Structures are given as C-alpha cells and as structure tokens.
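The values are calculated or read from the model by the stated rules, or taken from the named source; none is laboratory data. This structure is a prediction, so every number in the text was calculated from the model and none was measured. Quick reminder, even Gly has a Cβ in these numbers, built from the backbone with ideal geometry, and neighbours come from all protein chains shown.
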C-alpha cells in the first residue's frame, strides 16, 4: 500500500499542489524535446531518402557547431560564419557521397550503418583536430534571459529554440511538398527503382539529403551549443535522438517532432516527480525504456509505415 | 601447394564432419594453441602480457559472444558493455559473498547471471528487429550501468563505487588480485578463451548454429521450416550474454584489477561491435582477428610517432587515432565487408595453388 502510494499517489499530489511548477517542467520538457527533434529530423531525412541509418548525425551536429565557433573565434561575422559553415556541410555531403556511399551501394543496410559509425569516429577526430577539443561558448546573439509568464519561469533562449525548430519544420515541409527536388526526394523515398526509371538521379538526391541533414545539424548545433556550450558531449545527443526515432517511426518527419516532444516531456516529468524515488539521474535511460515499452505495443512507431513482411 | 588437400581422403563420417577437415589446419591450430600456452609465458615481458595479450584474449571472448548473437543469429546488439558489466559485478558479489568458492566457478556462475539478464533484454527481439532492436538493446546498456552506479549493494557499499578483484588461487597459483603474476593471469584468460572458442565452434556448426543462421537469413522462412523463433533468439541472447559476462568478469579480475561502471560504458559496446565487424560477421576466427586488430592499432599508433622521433601532443595523437580508427573501419567495409576472416580465406585459396597458380 505504501509503495503504491509512493509511486502513484505521491507524485500526482505534488503535481496538483503546484500547477505552475508542473507547467514549468512541461515547458522545459517541450523545449528539450524540440532540440531532440532537431537531431532526429536529420536522421529521418537521410533514412527516408536513402535507407541509411546515419549514426554520424550527432557528430555532424558537433562538427557544424565546432566549425561555426571556430570561424567566429577567428574574427568572422556571425552571418559570414553561418554561410561558410553551410558551405562546409554541403562539401561534406559531397565528400560522404563520393567516398562512403557510392562504394557501398547495394550493401546490406547493416553495413551502411556500421560505415556511418566509422564516419562518426572520423569526423569526431577531424573536427577536434581542426578546431580544438576544449569547451567553447557559442554566442550568435540569441538572448538568454528568463522572464515570468502566468507564474512560470520561461527561458528566452529555449523559447527561440522552439520557434526556430517550428520554422525549420514548416520550411522542410514546404520543401518536401512544393519544390521539384522535394518531389524527387519523396519519389526516391517511395521506391528507388521507380524513381531511377523516370530519370531521377539518385546520386544528386543523396548529396541533397545529406546537405539538408547537414543544414539541420547546423541549426541543432547552434541551439545545443548556445544552451550548454560546444563540446564533445554534443555528439552524445545523437543517442538521445534514437528513442525519439523509435517513438515517431524512422520514416516520418512529423513523427520525429511528436516523438521528440513526448520524450522531452516524459523525461522531464519522470526525472522531477518519479526520479527521487529511485535515487535520481533516471534521465539517462528513461527515454530508452519508454521507447522500448512503446515498441512492444507498436513495433513501427507512432507514424511509421506498417511493416509488411513477405517470404 | 601448402594448403593442398589432394590425397586427404575421408573414409568415415566422423572424419568428414571434423572441425578442421584439412590436415594442415589441424597442425596449424594445434601448434597455435600449444604455442599460445608456452611461448608468451616463457618469453613475453610484463608489458606485452599486460598491455597486449591479456586484453586481446578478453576482448576476443567478448567479440566471440557478440559474434554469436550478431554474426550468426543476426540480432544487432549495442548492449554488450551492459552485459559485461553484469558479469563483472556478479563475479565481484559472488567472490566476496562466498570466499571459499573456486574462482573458475565464480566466473561461470557470473556468466550464468549475465545470460539470465541477456534473456530478459532479449525478449523485445521477438517483436522488433534491425535498428529498432539495436536501440532497444541500448536501453539495456544505459539501464544496467545506471543500476550498478545507483545501488550500493552491488559494490558492497564501497564509497568509491569501485569493485576490486580479491586474491584467489587456482591449483595453488595466484590468478587474481594485486599479487597475481601477469603470466598466471594470461594462462587463466587463455584457458577460458580456448575452451569457449571450441564450444562456440561446435555450437555454430551444429543444430543450434544452423537454426541461428536460418533466423538470420530469413526469419519467416525459418519459422515455416520448423525453427522456433522464441527459443532460438532467446538462446542466442543467453549464450552471447554468457560469453560477454565471463569476458566482463575477466576484464576486472584478470586485467584491470579494479573498475567502476565507466569501464563498461557505451564505448565498450561499440568497441566490441567493431571487433566483430572488422574481424568478420559470422566467423569464430574473425572474432580473434578483430580483437587483435582493435587492441594493436592504438598501441601501434601511439608508438610509431615515438620511434620515428615525432613527438605529437597527447590530444593531437588521440584525435589522429580517432580519425585513423574511423578511416580504417570505412576502408574495411568498402574493401572487404566480410572482414579480416574473409581475407584469411582468400589467402588460403591462394595458398592452395601457390607457387604454381596456372
């Protein structure tokens, strides 16, 4: 009875007694979730178009942030540095297509996945060699102050992160739905061979998706970097994006967003209200267990395509 | 010429089904095993034993375990570090709770505990597969490490949170603890690896291994011809975790001496996975080759600049090491997706005809 009360009643009573604080926790969770979504979005884009599970997405975030900070430190203006970083990520996309993807065409997915793990290590060493490994402060002029609204403390930085993530999603949606390249991307995602047969160049498409994923990585890198400094641990958020993907489904852009929000909010609420019962720090694994429990009920994720198997 | 099996006729079924059907292989393996037991103990110095050979053997055992699961049964796992931690912590608990228990028995029992945990975390594999399963095994990795960090019982409430290997003897020779000689620890590790490699080799060519491969290649078809997926997959998780658990216990007891959970973090999982990929998925020999490669490359990379008179700063050397490491993984995947074991097979084919290839 007391265990039941501790686990179920106690935390709920806490929530009820201080709704403003609960609101703060939820908003904090939503904003953290937005950032997870940004990373997950990069995964989804590449997976949709090429079926490659890009483990290096987290390091691409780190690499983009490192490049941006390095350029700003060397006296470049914020916008110049941004443009240069974007260019670097596009060049990187070309290099990856040429050096990694093209020789591995027609290999099983698992081999490509391993290749991106190798890429992960390579980029990590490369980025740190170019720009140094110490923690850097990233400041692109986003205000980082807190204000009160309806009795809740809200951080401006987190708010603008949410805003930018929302804008990015809208832009991506328009890009996918309305432009010529976006249509080609969707065609490739649907059926490689059919897309090839009507004359869509697969290689160009790959470069485009990896570039777009690189640009998304820049945005994610700016947000995370402004929040907690540019450092190696940035690449670890890639691991946090994995449960997000599982929840949302590997093929779905809206899934990445919704999954990120669920994981972000669930993680924060779990940590604040249930964490103390088991000694805290459950944020590390809570997302995975949540995703795991979810997988048992719906193996293809919230928005994933139903898996139909044939022999 | 060297590898020509002409003239080696098999007149019994037993001979036809031998582990090493070719005479040259039998001689080579026998020589290698005897050599591995005798030569390093006599001639290798402390540094070689401690820095190269002991970690190589332990990683080889872990890679063997993961190879059974990922290479043979096709279930991708990123939870190896967690399962190794289970082995290490249960060995520590068993050794401190029952001081009279033989250390070999402690290792085997801790392997069993790891197998049990592996089965629990293998249950999702019945419904999910591929990348989804890989992420699910990450849950095992993070949850187990967190558990060992948080619950003081696992470390006997040591304030430092570390587990240390108690001194224990086998046949009157000290093999674990601070006073154990490197040679003795080497022989202990080697004995374990030799026995378990033999068991693995026999497992994968028997009924169990074949049902694993059937599940790996096409699970629905395997089910139709009568392979039970539930039993087969869970058995793969159990045996793989058993191997990993023993490797984890050895890692602390025979190699590190003392460790905390940091030694078993996600990087260890990736390291063992690389050994399996670079060595060759679905190959017992590949596990050894991959482990040797991963153990030797960092040592090579740290020593080469010194010998040519180049003094790189530590940070730079570390970064270059990462780059070369990543580059090599890419290189091997592109050139030979089947790993070092496949290269060895090609060499063998060449050696059959050498020196008259036409």
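Details
- Residue in the stretch B:52-68 that is more than 14 Å from chain A (Cβ to nearest Cβ), in contact with a strand residue (DSSP E or B) (Cβ under 6 Å, 6 or more places away or on another chain), touching a residue at least 24 places away in the same chain (Cβ under 8 Å) and part of a helix (DSSP H, G or I) present: no
- Check on residue A:237, closer than 26 Å to residue A:65 by Cα, crowded, with 18+ Cβ neighbours inside 10 Å and at pLDDT below 75: yes
- Criterion (at pLDDT below 80 and at positive phi) met by exactly one of A:162, A:199, A:132: A:132
- Scanning the stretch A:188-214 for residues that are closer than 17 Å to residue A:253 by Cβ and crowded, with 16+ Cβ neighbours inside 10 Å yields A:188, A:189, A:205, A:208, A:209, A:210, A:211, A:212, A:213, A:214.
- Within the stretch B:117-142, being surrounded by fewer than 20 Cβ atoms within 10 Å (Cβ to Cβ) and farther than 23 Å from residue A:44 by Cα holds for B:119, B:120, B:123, B:126.
- The single condition among (1) in a helix (DSSP H, G or I); (2) within 12 Å of chain A (Cβ to nearest Cβ); (3) within 30 Å of residue B:217 (Cα to Cα); (4) touching a helix residue (DSSP H, G or I) at 6+ places or on another chain (Cβ under 6 Å) that residue B:281 does not meet is (1).
- Positions within the stretch A:38-64 being at pLDDT 80 or above and over 11 Å from residue A:217 (Cα atoms), in sequence order: A:44, A:45, A:46, A:47, A:52, A:53, A:54, A:55
- Among (1) loosely packed, with under 14 Cβ neighbours inside 10 Å; (2) within 14 Å of chain A (Cβ to nearest Cβ); (3) without any contact (Cβ under 8 Å) to a residue 24 or more places away in the chain - the single one residue B:303 does not satisfy: (2)
- Within the stretch B:328-341, the only residue that satisfies the criterion of being at pLDDT 85 or above, crowded, with 18+ Cβ neighbours inside 10 Å and either under 15 Å from residue A:105 (Cα atoms) or within 13 Å of chain A (Cβ to nearest Cβ) (or both) is B:330.
- Enumeration of residues in the stretch A:291-310 that are more than 9 Å from chain B (Cβ to nearest Cβ), modelled with pLDDT of 70 or more and touching a helix residue (DSSP H, G or I) at 6+ places or on another chain (Cβ under 8 Å): A:294, A:302, A:303
- Segments classed as helices (runs of 4 or more DSSP H), wholly inside the stretch A:41-131, with at least 1 members that are within 13 Å of chain B (Cβ to nearest Cβ), crowded, with 20+ Cβ neighbours inside 10 Å and in contact with a strand residue (DSSP E or B) (Cβ under 8 Å, 6 or more places away or on another chain): A:57-73
- For the stretch B:97-108, the set of residues classified as surrounded by 14 or more Cβ atoms within 10 Å (Cβ to Cβ) and more than 30 Å from residue B:216 (Cβ to Cβ) consists of B:103, B:104, B:106, listed by residue number.
- Residues of the stretch B:227-264 satisfying the condition of being in contact with a helix residue (DSSP H, G or I) (Cβ under 9 Å, 6 or more places away or on another chain) and part of a loop (DSSP other than H, G, I, E, B): B:227, B:228, B:260
- 3 or more residues touching a helix residue (DSSP H, G or I) at 6+ places or on another chain (Cβ under 8 Å) and closer than 20 Å to residue A:165 by Cβ: qualifying helices (runs of 4 or more DSSP H) within the stretch A:190-287: A:202-228, A:237-248, A:253-269
- Per-region count, the stretch B:144-162, residues touching a residue at least 24 places away in the same chain (Cβ under 8 Å), at negative phi, outside any helix (DSSP H, G or I) and surrounded by 13 or more Cβ atoms within 10 Å (Cβ to Cβ): 1
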